[in-house]
Amino acid sequence: MTQLLAAILSFSAFALLFGVVLAIASRVFKIEGNPMADNIETLLPQTQCGQCGFPGCKPYAAAVASGEAEVNQCVPGGERTMLQIAGLMGVEPKNIEEEPTAPMIAFVREDECIGCTLCIKACPVDAIIGAPKQYHTIITDHCTGCTLCVEPCPVDCIDMLIKPELLEHWSWPLPDTARAQLAIERKGQHAPHAT
Amino acid sequence: MLHTLLRSIAERPGIFSGGIEPEMLKITAGSPIATPPIAPIYIVPIKQHIGEVCTPIVSVGEHVFRGQKIARSQGYVSVPVHAPTSGTVVKIEDHAIPHPSGMGLPSIFIEPDGEDSHDESLEAICDYRGRDPGELRERVRVCGIAGLGGAVFPTFIKLLKDQRNPIETVIINGIECEPYLTNDHRLMLEKPEAIATGLDIIMHMVGAKKAIVAIEDNKADAAEAIRSALNSLPDMEHVEVRLLPTRYPQGSEKQLVQVLTGKEIPARKLPMHIGVLCQNVGTTFAISDAIIRGRPLTERIITVSGDALPRPGNVRARLGTPIRFILAQHGLEHFEDTHLLHGGPMMGERLKNPDIPVVKSTNGLLAMHSETMMKAHKVEQPCIRCGHCGVACPVSLVPNLLADQCRNDQFEKAESYNLFDCIECGACSYVCPSNIPLVHYFRYGKGQLAQITRAKAFADISKERSEARGTRIEREAAARAAKRKTVRTKHMPKPVDEKSSEEKSDISADPKGDGL
């Protein structure tokens, strides 16, 4: 009987002790926000373009983390980002529906601009400068090419141009040998299973 | 213990792991350096070094003298550009440069006046031993000198007398291990005194006590010339001329330092971190020219060779000379079925058109029959895991594995297998029995990794800006709300006690009564 009592008591004491430790730990090591969402967000290209159907990269990351969104909705990120997110989430990679276009930047035709500031309000990265009734212009170094400024413009004076390639940013293409081409083709076929 | 043991095995002077022995084909070794006539036009790109681009400081129609600065350097890693001859600036516009992309850079077009008169603003410094190293270093910078071995890194940066990394040994690189090229060989034969003086200047500038002139044993005559030139200078007993066995890529800085000192330069470190300074013989000559004669860098020695060239030779070419003009001097005027290479056959790059100018990095121009090139570029076969590439690699990488990773876009993995330690010497591609263009895959991988890094940096900035915008909108909304509140409280009737407010409302509600 005493043995039984001792066992019950000691187990209760342990349970109480661990309970207290865990309670303290959950307070001390509490992580604000969803770490998965943050991790996914660092993988996204941060264009803030909304092509995924969410109003920016952060909301999309949160949606993917909570399982509301698929891993293949980021258009500018392309296959690479999709594979990384899928790897992080531990889910099967999905097919990319829309191919990413060449990197673009917005360009304001200044002589047609009426200075309405609507594009400035639409820009997700504050890359347009201007003031009411003054010409607006794009800070090309910061433009993510999201196209969100094109729609609100009442006089249609914003063009999306292909980002000029700089000599310093040029990089070698794959060798044009048959085997290199074969690798690209095979990758296309196996993409959904590759991680 | 094991570490020390391994180190003692690894630190063996006189050897570097890997390497190959290609056919040297130094057919121009016996041709003296020729000076071509003045070309009808000079095309001077505003950036000819590794680093920041320069800004043109001359305008169209302006007359310039030879050696006059025509583009100002911006930023630290940069050197100015000088006019190659006297004449008139006719236009400044984009022109193709020797670059694998075939893309262009703004270039200054100079039409020579035939006088070739020099800009004499820089005085000659003959008593360099009595001058401050900082002053000499500034002279090397304003003279636009960049490493003429091919990497074109601004030379003045390396010539720093740094307390933290004192230079013990200066190495003059006269290895020239690329097949075909003989420009350094000829320079050592014809200007050994100037090279010896240049070495003396460098030793004075960095305060080094020891120096080694490294030459491969297929250039014994050059070693002899340098040795006798050194003997005629005072205080040169600590300078050693060393003949090394011919092996490619011994001329690569890291490999040469390993061969001469037995120390391996750690990854992402420079020779100065192990107390060594390495200069090419061409650069040494240019330094001596800049100090002793006050002449900025406006010309360099290049080897013009190749099996499609009727009269191969070595020339003293002005920077900016169109390659077409130089090749015409050597009997090549039609470029059908000809591949033009910029640099040697191992590391050189193919030129897309012959109107590209000679720049500071041009050490050789090769005109090859397309047939010869096609023979070298056979169909790529599957890797048979023979391991020859790993044996040949001078930096002990595993080329076949890296190529697989690059081909399959596993760039991060390739990086973790030290892709960036690859010096792109081409030894692996040379030995590959399956004709895999290994170096091309590495260049592709490195480029993609650079793009990924850039995209990541841009994404970080965009994220920051997007977050800043969020807080700005919040702040503005809060400010607006606060303003609304203050305006409301200001214009609202003052909350007074009920009685007086009732009275007031009575008055306002009954103005007529008041009037009556």
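Worth a mention:
- All positions within segment B:15-54 that are more than 30 Å from B:Y76 (Cβ to Cβ), in contact (Cβ under 8 Å) with a residue 40 or more places away in the chain and among the small types (G, A, S): B:S17, B:G18, B:G19, B:A29, B:S31, B:A34, B:A39
- Of the numbered criteria (1) at pLDDT below 95; (2) more than 19 Å from B:V257 (Cβ to Cβ); (3) in contact with a Phe, Trp or Tyr (Cβ under 8 Å, 6 or more places away or on another chain); (4) not charged (D, E, K, R), the one B:L187 fails is (1).
- Looking only at segment B:350-383, and only at residues there that are among the β-branched types (V, I, T) and more than 29 Å from B:N280 (Cα to Cα), the one that is nearest to the other protein chains (Cβ to nearest Cβ): B:V379
- All positions within segment A:147-165 that are assigned to a loop (DSSP other than H, G, I, E, B), closer than 30 Å to B:G445 by Cβ and more than 9 Å from every other protein chain (Cβ to nearest Cβ): A:K163, A:P164
- Screening the candidates A:A131, A:A102 for the property of being of a type outside the set (F, W, Y), under 30 Å from B:C54 (Cβ atoms) and either under 25 Å from the mean Cα position of the chain (by Cα) or part of a loop (DSSP other than H, G, I, E, B) (or both) yields one hit, A:A102.
Yes or no, residue by residue, for (1) touching a residue at least 40 places away in the same chain (Cβ under 8 Å); (2) more than 30 Å from A:A102 (Cβ to Cβ):
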site	(1), (2)
A:I8	no, yes
A:A37	no, no
A:Q48	yes, no
A:C52	no, no
A:K58	no, no
A:E70	no, no
A:V75	no, no
A:A86	yes, no
A:G90	no, yes
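- Residue satisfying condition, being closer than 30 Å to B:G149 by Cα, loosely packed, with under 13 Cβ neighbours inside 10 Å and either more than 9 Å from chain A (Cβ to nearest Cβ) or at pLDDT below 90 (or both), within set B:S508, B:S416: B:S416
- Residue-level check: of (1) modelled with pLDDT of 90 or more; (2) in contact with an Asp or Glu (Cβ under 9 Å, 6 or more places away or on another chain); (3) not assigned by TED's automatic domain parsing to the domain that holds A:P152, A:I24 misses just (2).
- Taken over segment A:63-84, the criterion of being out of contact with any Pro (no Cβ under 8 Å at 6 or more places or on another chain), within 14 Å of another protein chain (Cβ to nearest Cβ) and not polar (S, T, N, Q) is satisfied by A:E79, A:R80.
- Screening B:A328 on (1) in contact (Cβ under 8 Å) with a residue 40 or more places away in the chain; (2) of a type in the set (A, V, I, L, M, F, W, C); (3) surrounded by fewer than 21 Cβ atoms within 10 Å (Cβ to Cβ) shows it passes everything except condition (1).
The values are calculated or read from the model by the stated rules, or taken from the named source; none is laboratory data. The shown structure was predicted, so the numbers you read here are calculated from the model rather than taken from an experiment. Using ideal geometry, Cβ is built from the backbone for each residue, glycine included, and neighbour counts are taken over all protein chains shown.
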